[in-house]
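In what follows, a single structure is set out as structure tokens and then discussed.
Computed from the coordinates by the stated procedures, all read-outs in this text should not be read as laboratory data. These figures come from a predicted structure and were not determined experimentally. No Cβ is skipped: glycine too gets one built from the backbone with ideal geometry, and neighbour counts run over all protein chains shown.
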Amino acid sequence: GAVVSQHPSRVICKSGTSVKIECRSLDFQATTMFWYRQFPKQSLMLMATSNEGSKATYEQGVEKDKFLINHASLTLSTLTVTSAHPEDSSFYICSVPGVNEQFFGPGTRLTVL
Amino acid sequence: GENVEQHPSTLSVQEGDSAVIKCTYSDSASNYFPWYKQELGKRPQLIIDIRSNVGEKKDQRIAVTLNKTAKHFSLHITETQPEDSAVYFCAPGSGGGYNKLIFGAGTRLAVHP
């Protein structure tokens, strides 16, 4: 199956700064990737669908100006949390759809102080 | 949009007993029905999935049953072991798994020796 990596695995930042999270599909070309957010003891909530070469599709209630998604190549999608606040602290996970299943990255734990 | 409900939210069983988790969905276009296992701080791991042309699928101690008319599918774990303790999520989707997945709220399974 596809190997998906995320970088960084953990990041701590100050309130008001921006943080970029990378999702890479290491052995599989991905025209689509998905971004999820998971708060402690909660489920994965789909944030947006990242589309290679075009704008991302955001789920209802997700601020597109705050969570910037760029899918510039078939192997890389980035999520930038702009002007991060403590309530943005969460586990961010990407996934890459394959032929028969979706492949998840290992996740990025963001802590905003 | 898809509305997914998962029950129970917690489940405690003795080692060797069986466990059943049920997932109800609303979107009749859903045709892909996976179950994921997630351990603390890790990515979701696909444990079994079923597609809408099949009513039941089994893989050793794990099985999934689908009732498309009633729009629900269930995870069955037999002969539970302590290492089965984790959070389990259903995540129905369309496009055979290529499209976005909507996760249920999760079931925390505890298997006691």
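For this structure, a couple of remarks:
- Estimated FRET transfer efficiency (A:MET45, B:LYS57; beta-carbon r; R0 30 Å; 0.05): 0.65
- Simple spin-label estimate for A:SER73 and B:GLN45 in nanometres, 7 Å along Cα-Cβ: 3.1
- Packing rank of A:30-36, A:79-85, where each peptide gets the mean count of other beta carbons within 10 Å, highest leading: A:30-36, A:79-85
- √(5λ) per eigenvalue of the Cα gyration tensor, chain B, largest first, Å: 23, 14, 12
- Max mean-square fluctuation residue, GNM over chain B, Cα-Cα springs under 10 Å, options B:VAL20, B:VAL87, B:VAL54: B:VAL54
- Three principal axis lengths of the stretch A:1-91 [C-alpha, angstrom, descending]: 34, 25, 24
- HN-Hα J in Hz across the stretch A:65-76 - Karplus 6.51, -1.76, 1.60, θ = phi - 60°, x for Gly and Pro: 7, 8, 10, 8, 10, 10, 10, 7, 9, 6, 10, 9
- Over all other residues within a Cβ to Cβ distance under 13 Å of B:THR78, the charged ones net out to -3, with Lys and Arg as +1 and Asp and Glu as -1.
- Percent breakdown of C-alpha pair distances by 10 Å bin, ordered from the shortest bin, for the stretch B:1-66: 16, 48, 32, 4
- Using θ = phi - 60° in the Karplus curve 6.51 cos²θ - 1.76 cosθ + 1.60, the 3J(HN,Hα) couplings for the stretch A:35-41 round to 10, 10, 10, 9, 7, x, 6 Hz; x is entered for Gly and Pro.
- Rounded Å value of the spacing that divides the Cα centres of the stretch A:59-90 and the stretch B:22-96: 29
- Label positions at A:SER18 and A:THR111, each projected 7 Å from the Cα along the C-beta direction, are separated by 2.5 nm.
- Computed from phi, the 3J(HN,Hα) profile of the stretch A:107-113 under the Karplus parametrisation 6.51, -1.76, 1.60 (θ = phi - 60°) reads x, 10, 8, 9, 10, 10, 8 Hz, with x in place of Gly and Pro.
- Debye-formula intensities of the protein assembly as shown, expressed as log10 I(q)/I(0) at q = 0.18 Å⁻¹, are -1.31 (one equal scatterer per alpha-carbon, no solvent).
- Unpaired by the 4.7 Å Cβ criterion, cysteines found in chain A: A:CYS13
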